[in-house]
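Following: one structure in structure tokens, then a few remarks.
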Amino acid sequence: MTKTVAVDFDKVIHAYSKGWQDGTIYDPPLPGALEGLTALMETYAVFIHTTRDAASVASWLADRGFDTVVDVEGPKHPKREFWNEQDALLVTDRKLPAVAYIDDRAIRFQHWEQALHDIGNVT
């Protein structure tokens, strides 16, 4: 069974140097991001989670050589519950089940005392 890894878009793949702006994807990829995604896809199913428009993110990734699938909801397309395909990147606005989440704003939970301490140190 293929294991899945989730990757955040802004500040992990996209440099995000100017903040949100109007939702436009304006920066190039962070150094090593595209190579990192490619390496992950050799072993894992990979999905990108983002608060941006998923179709725009998928297009940005496709322009950089990735096959992408957009997680859109509609009468003929219910939202996915899992992602297990290695041949394309899923782009979604949700965090689906995964063995790991790569995100610039994560606090690794070990226990509540540590989590509250760590979140108190966020600037």
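Taken together, the values in this text are just the output of simple stated rules run on the coordinates, not laboratory data. Only a predicted model underlies this, so the values are computations on that prediction, with no experimental measurement involved. Please note: Cβ atoms are built from the backbone with ideal geometry, for glycine as well, and neighbour counts cover all protein chains shown.
Running Debye on the chain with equal point scatterers at the Cα sites and no solvent, what base-10 log of I(q)/I(0) appears at q = 0.20 Å⁻¹? Taken in order of the listed q values, log10 I(q)/I(0) reads -1.16.
Taking amide H as placed 1.01 Å from N in the peptide plane, the amide H of I48 sits under 5 Å from that of V7, L90, V91, T92, each at least 5 places away or on another chain. For segment 30-55 versus segment 82-105, the spacing of their alpha-carbon centroids is 8 Å. Proximity of backbone amide H atoms, modeled 1.01 Å from N, is registered between D10 and no other residue at under 5 Å, excluding neighbours fewer than 5 places apart on the same chain. For the chain, the antiparallel share of DSSP beta bridges with both residues in that region comes to about 10%.
Multiplying the residue separation of S59 and I119 by 0.36 nm and removing their Cα-Cα distance gives an extension gain of 18.2 nm.
Of the trypsin sites (Lys or Arg not before Pro) in segment 74-123, the ones in a loop by DSSP (not H, G, I, E or B) with at most 10 other beta carbons within 10 Å are K76, R105, R108. Taking Cα centre as origin and charging only the Cβ of basic (Lys, Arg, +1) and acidic (Asp, Glu, -1) residues, the dipole magnitude of segment 4-120 rounds to 180 debye. For segment 27-43, the Karplus equation 6.51 cos²θ - 1.76 cosθ + 1.60, evaluated at θ = phi - 60°, returns couplings of 9, x, x, 5, x, x, 5, 5, 5, x, 4, 4, 5, 4, 5, 6, 10 Hz by residue, with Gly and Pro reported as x. Lysine pair count for the chain (Cα-Cα distance under 27 Å; residues 8 or more apart in sequence or on different chains): 9. Of the chymotrypsin sites (Phe, Trp or Tyr not before Pro) found in segment 1-39, those that fall in a DSSP loop while having at most 10 other beta-carbon atoms within 10 Å are W20.
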